[in-house]
Every structure is written in C-alpha cells, then in structure tokens.
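Since every read-out is calculated from the coordinates, none of them should be taken as a lab result. Fair warning: this is a prediction, and the values are worked out from it, not measured in the lab. Using ideal geometry, Cβ is built from the backbone for each residue, glycine included, and neighbour counts are taken over all protein chains shown.
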Amino acid sequence: MTHPAFEAQLDAYLDGELATPDAAELEQHLRACPDCSRLEQRRRAVSAAVREHVLRFPAPDTLRARVRSAVRADVKRRVQPRSYWSALAVAASLAVVAVGGWQAGLRHAASDALADQLLSSHVRSLMPGHLIDVQSSDQHTVKPWFNGKLDFSPPVYDFAGRGFPLIGGRLEYVGGRPVAALVYGRRQHLINVFLWPTEGGPTGGRPATTRQGYHLLHWTTPAYSYWVASDLGLPELRDFAALLQRGDSVAP
Amino acid sequence: MESSELERFEAVVLPHLDAAYTLARYLTRSDHDAQDVVQDASLRAFRHFGTFRGAGSAEGRAWLLAIVRNTAYTWQRRHHGDTLTTAFDEERHSEAAADEHPEAALVAQGERAALRRAIDELPPEFREVIVLRELEELSYKEIAEVAGVPVGTVMSRLSRARRRLEEVLCATTEDC
C-alpha cells in the first residue's frame, strides 16, 4: 500500500467507515510501517483534540423562543381555510394552464409551419418563370382570372399611384387549400400577398417575422387571412400593408 | 397545517436546535447571523415539513442540518455579498495563516485556542465536515446528504481538514 493511498483511507478507517476487507489491509500495513503508524497516532490525536477542545454552541433560550413563535405565527397565518378544495381548484387551474400552453404550443408550431410554407412559396416565386400565372397591372384583369380557380374572389387593388404597382397573380397551394397570390412591385423589390378566406383556411401566425432576410407580415380581417412576404425594408412593407388594409376595409 | 403536525414538527425537529445553532455558528462565525440563519431555516423546515419522509430523530437532525447549511450559504451571499465557498482561497489561506500565526504566538495561545482558531479559518467546506463529524458524530452518508456531495468527497474533505488541523497542532505543541 502506498502512502498517499494510505492517508486517503486513514480517516475513513478511524471513523469506522472503511469496508472490512479494506480495513484489514490497512491494519496489516499499519503493523508493518512505522511511518504510517505515527501518522495514524497523530490523526487520532487531532480527532480527540477537536472533540475535547472545540465548543458546541447550545441554542440560546431567546433563539428557541424566536423559533417557536415564528413557527406558531406561520400556523396562524395558514389557518385560513386553504383546504382540500382550494388546493384542488389551484391544481385544476394549473392543469388548464398546462393544457392551454400545450395547445398554444401546437398552434404556434402550426403557424410556424405555415410561415415556412409561405416563405418557400415566396422564394420559389422569385425563381425564373414562377412569379406569375397572369401578368397584368390591371386589377380588372387579374381579379377575374381567379374565377373558376378559387372558391373565392380575392380583392385586387392597384397601388401604382402610391408606388406599389400591381404586377400579376398566380395560384398557390398553402396549408391544404388553394390560395391567391398577388404580386406587387416596389422599385426592384417584389411583394407577394397571399390571401384566403378566414373561415376554412389555415389560421394563426405572428404579426411580423423575419426569416432568411425576408419579412413576413400577417393579419386577419373578418373576411380574409393575409400574409405579405418581401425583401423590401420593413417600414415600407408596413406602409404597403396599411394600404392593403385600408383598401380592404372600403371594398364592397 | 394541523396542530398535530405542529406537534410532530416540534417533537422531531426542534430537539436538534443545538446542533443547528452550532453548525450555523461555525458557518457564519457570528452569533447574530447564526441566530437569524437558524430561525430562517427552522421556518423553512416547518413549511416543507410535508416533504420530510423520515421518522427517526437522526433523520430529523440530518434533514434540519441540511436546511441550516443551505440557509447559511444563501445568507452569506445575500447579506455579505460573497459566498461561504469562495470567501476563502484554500492555498492562499494556508499561507496567510502561516504568516499571521508565528509559532511562538501559537504556543502562547495554547492548543485549545489554536485549534478553535484553526477551525474558524478552515474553508467552509472543510469546517462543516469537521463540525458534522467530530461534534455531531454524523456518519459519512449523513454528512454527504447534509452537504449535498458524494460520500467520497466527504471522505477526502475530512482527511484534508484533519491534516490541516494536525499541522496547526504540530506547530503549537511541537509534538510531532
């Protein structure tokens, strides 16, 4: 047995905490090694000296009294009937919160998936040949084009006078249903507006989110769910969204 | 909390107030702080008494001491802006102690005073294992529960703490 190993085990041995085989091995070593034997004597003396000289501190009576009165005051404070039923009510409300949180989590995940889909759709539309099915700056051409392709007639505006000319429209398939995609321009930037009837379409989503450098704005009117996607700066995109919202609110 | 539970608490936990106060005294090294720590810890123990699964007196003691210990560490952090753990640098401390206490002074103080002082100057992790083992005679397993460390750590801390005290005794009595 080496001396460091001996010293590590010596205290456990003196405290009676060493397993029997280890203790036997250590005792054998102690008999053979005078150095370790002296070490053992000194270590025993330390323990004895501590027990002999070092003070215990009895709790003062004032402390005892303080503890008792603090505990009893705590009992009185809690004696108001916070009983089985109120505990049950708390548990029930916690359960509601938990389920609500879970559902919100699901909705959250669903709307995130929706935003992902719309973003992909936007990016794909920017690839050559994918942007528009009907190219026209005339809202009276674009709107009728959707007839027979969708089960709703999307509101189409031309904001050329405000710097957001209508470029065209196309069909998209999002969230399990065909939706309208309207394309507007702003200088070199393109804006996709996705919309579908609020009822019967996918719902939810954050009002604004930015992914991969594209901004997504989302809002819902009584009639339609709107998503707007573009690489346009956020302030200008919000101006555009405001135009759409105003246009929608005055639409017949 | 029913009155029977209050009675049970007073029967199981309050008998260990001396042990609680002793540990708190050694951890805070202040009578005033120790009293506040014990009162605070007792109230916490009472409020969580429902979670106490033990039955015997020894279990009640280890349970209360664990709460006292945690309360003392939190107390130190909150009221003195440091932690008991980091308040002492082990290496630096032992050198500083050697500087502060020349051998002659130690001899003059006598073994008893030197030992008490040495314990007060131990890092708190060492101090608490000495108090729990030598004064309260807790088993390694109980100390491990109170200090929230593995039994192996208790063993090595106790060994190092005693070696430290042994050095002090050697220097005082010149008998080694």
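Side notes on the structure shown:
- Of the peptides A:133-146, B:156-169, the ranking by mean beta-carbon count within 10 Å, highest at the top, reads B:156-169, A:133-146.
- The stretch between B:SER30 and B:ASP120, if pulled fully straight at 0.36 nm per residue, gains 31.3 nm over its current Cα-Cα span.
- Between A:ASP22 and A:ARG56, the FRET efficiency from the beta-carbon distance, with R0 = 25 Å, is close to 0.20.
- Ranked by the mean number of other Cβ atoms within 10 Å of their residues, highest first, the peptides A:48-57, A:222-231 come out as A:222-231, A:48-57.
- Each of A:LEU171 and B:LEU6 was given a label point 7 Å from its Cα along the Cα-to-Cβ line. The distance between the two points is 7.8 nm.
- Take each residue of peptide B:39-49, count the partner chain Cβ atoms within 10 Å of its Cβ, and average: the result is 3.
- Here each label is just a point 7 Å from Cα along the line to Cβ, and for A:VAL123 and A:GLU199 those points are 3.6 nm apart.
- DSSP bridge analysis restricted to the range A:108-250 gives an antiparallel fraction near 95%, rounded to the nearest 5.
- Between the range B:33-60 and the range A:172-208, the Cα center-to-center distance that results, in Å: 61 Å
- Peptide B:21-29 shows a mean partner chain C-beta count of 3 within 10 Å per residue C-beta.
- Stretching the chain fully between B:ARG47 and B:THR74 yields a gain of 8.0 nm (0.36 nm per residue, less the alpha carbon separation).
- Cβ-based exposure ranking for A:PHE152, A:PHE240, in which fewest neighbours within 10 Å come first: A:PHE152, A:PHE240
- Extension gain, A:SER153 to A:ASP138: 0.36 nm times the residue separation minus the Cα-Cα distance gives 3.9 nm.
- Shielding by partners, peptide A:40-52 (average Cβ within 10 angstrom, other chains): 6
- Amide H partners (placed H, <5 Å) of B:LEU138, local residues excluded: B:ARG133
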